[in-house]
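Here is the structure we will look at, set down as structure tokens.
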Amino acid sequence: MKILVPVKRVIDYNVKARVKADGSGVDLANVKMSMNPFDEIAVEEAVRLKEAGVATEVVAVSCGVAACQETLRTAMAIGADRGILVETDVELQPLAVAKLLKAVADREAPALVILGKQAIDDDANQTGQMLAALKGWPQATFASKVALADEGGQPRATVTREIDGGLETIAISLPAVVTTDLRLNEPRYATLPNIMKAKKKPLDTVKPAELGVDVAPRLATLKVAEPPARSAGVRVADVAQLVDKLKNEAKVL
Ligand code: AMP
């Protein structure tokens, strides 16, 4: 069974994002970029399935600028077998990424695509759902547990999902799309030997046009602004004062 893991190169979660002076977007000049944290969880899950003998191959795919190769190498250092870069300088929106991933999935025919539930740069939370719709595959989003089984020749996944107010467990037939939530696993650190080994793993590059996908943006960003500065907090003497302030000043009780 082949697993496809889309990995996005995003601004590192430790970096405080700064808005460009002209308000056209987030300033990414000289900023540390890393793999989207939910995608690290997705790679870890796929690699664990391979280590358990359930999956046979883990293929990482990243869409974006040439530097996304670094993200793919990180995925391969965690344990992915090979990487595919869909290279473009166009700023990609979730629908364009979903179309590119559909085209890659058409070529690769994976049994499972495991994505992050959302990318921490735009927080869109759309790509996995759109990919499932484009492929006509079942989807299990926000997974905190994934178990695969073969039921009478029909491969199925039992997925525990994090939903408002608790957990939900659903069974879906494969091929399918799963998106990861934080509690699914704790990704391993890539060791130096594995980082070295990852440099020798195969990495193919394709262009969106070769996949027959138009990646032109459908949404226009009108303005990006910093959130309003927060005013300083106050220290309260006791619980009674806190409750009084919440009731009479903040009016949230
Ligand atoms: P989003 O819908 O943008 O919040 O992203 C959800 C997930 O889709 C991410 O966690 C990635 O797994 C995948 N994804 C989004 N953009 C890309 C991209 N440019 N390249 C590869 N995977 C992506």
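The values are calculated or read from the model by the stated rules, or taken from the named source; none is laboratory data. Computed from a predicted model, the values in this text were never measured in an experiment. Every residue, glycine among them, receives a Cβ derived from its backbone with ideal geometry; neighbour counts consider all protein chains shown. SASA here: full protein model, heavy atoms, side chains in, ligands and nucleic acids out. Shrake-Rupley method; radii C 1.70, N 1.55, O 1.52, S 1.80 Å.
Which listed residue (Q69, L49, Q118) has the Cα farthest towards the positive end of the charge dipole for the range 2-248, taking +1 on Lys and Arg C-beta and -1 on Asp and Glu C-beta about the Cα centre?
Q69
Provide the percentage of antiparallel DSSP beta bridges, counting only those with both residues in the chain; round to the nearest 5.
45 percent
Please work out the FRET efficiency for the pair D164 and A21, using the Cβ-Cβ distance as r and a Förster radius of 35 Å; give the result to the nearest 0.05.
0.35
How large is the dipole of the chain about the Cα centre if only Lys and Arg carry +1 and Asp and Glu carry -1, each at its Cβ, rounded to the nearest 20 debye?
So the dipole magnitude of the chain works out to roughly 280 debye.
Rounded to the nearest whole Å², what accessible area per residue is found for the chain with the 1.4 Å probe?
56 Å²
In nm, give the distance between the simple-model label positions of A109 and L28, each being 7 Å from the Cα along the Cα-to-Cβ direction.
My value for the distance between the label points is 3.5 nm.
Specify the angular offset, from 0 to 90 degrees and rounded to the nearest 10, of the alpha carbon long axis of helix 37-51 from the longest principal axis of the alpha carbons in the chain.
40 degrees
Please report, as a whole percent, how much of the solvent-accessible surface of the range 64-170 comes from carbon and sulfur atoms (probe radius 1.4 Å).
47 percent
In deg cm²/dmol, rounded to 500, what helix-only [θ] at 222 nm does the chain give when every DSSP H run of at least 4 residues adds -39500 (n - 2.57) and the total is split over its residues?
-8000 deg cm²/dmol
Please report, in whole Å, how far the alpha carbons of the chain spread along each principal axis, starting with the longest.
The Cα atoms of the chain stretch 63, 46, 40 Å along their principal axes.
For the range 1-116, compute Rg over Rh where Rg is the Cα radius of gyration and Rh is the Kirkwood radius from the inverse mean 1/r over Cα pairs.
1.01
What does the extension gain come out to for R230 and L253, with contour length at 0.36 nm per residue minus their alpha carbon separation?
6.2 nm
Return the single residue from V54, V15, V159 with maximal mean-square fluctuation; model: Gaussian network over the chain, springs between Cα atoms under 10 Å.
Of V54, V15, V159, the Gaussian network model singles out V15 as fluctuating most.
For a quick protection proxy, order the peptides 164-172, 179-187 by their average other-Cβ count within 10 Å, most packed first.
Result, highest mean Cβ count within 10 Å first: 179-187, 164-172.
Can you compute the modelled spin-label distance between A240 and N125, with each label point 7 Å from Cα toward Cβ, in nm?
Distance between the two pseudo-spin positions: 4.1 nm.
Where does helix 94-108 land angle-wise versus the long Cα axis of the chain, in degrees 0 to 90, nearest 10?
It is inclined by approximately 20 degrees.
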